[in-house]
């Protein structure tokens, strides 16, 4: 699962496998916390994350949604996703 972005100690990854289960989502990691979060509405699918880091992840998804959805399509076709600019 490639890392597509890293910021403020948070690692964002996306599975690089054809036909990954919907809805489109990313996996976020911070220290011992991890979540799976939807791209379209920033809803948590599973896991827990400290509120400060969760808000940063949600803000980043809002800003980078189009790029994330484009990466999702690449992954669905078995292609490697592109790196996405971190939150600054």
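Values for this structure:
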read-out: Residue among 45, 11, 4, 37 that is surrounded by fewer than 16 Cβ atoms within 10 Å (Cβ to Cβ), under 10 Å from the mean Cα position of the chain (by Cα) and not in a loop (DSSP other than H, G, I, E, B); value: 11
read-out: Qualifying residue in segment 58-70 (condition: surrounded by 12 or more Cβ atoms within 10 Å (Cβ to Cβ), in contact (Cβ under 8 Å) with a residue 40 or more places away in the chain and over 20 Å from residue 2 (Cβ atoms)); value: no
read-out: Qualifying positions in segment 48-63 - under 12 Å from residue 26 (Cα atoms) and in contact with a strand residue (DSSP E or B) (Cβ under 6 Å, 6 or more places away or on another chain); value: 57
read-out: Complete set of residues in segment 1-51 that are at positive phi and at pLDDT 95 or above; value: 8, 9, 31, 42, 47
read-out: Residue 80 part of a loop (DSSP other than H, G, I, E, B), free of Cβ contacts under 8 Å to residues at least 60 places away in the same chain, loosely packed, with under 15 Cβ neighbours inside 10 Å and touching a helix residue (DSSP H, G or I) at 6+ places or on another chain (Cβ under 9 Å); value: no
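The values are calculated or read from the model by the stated rules, or taken from the named source; none is laboratory data. Bear in mind that the values here come from a model prediction, so they are computed numbers and not experimental data. Positions of Cβ are generated from backbone atoms using ideal geometry, with glycine treated the same way; all protein chains shown enter the neighbour counts.
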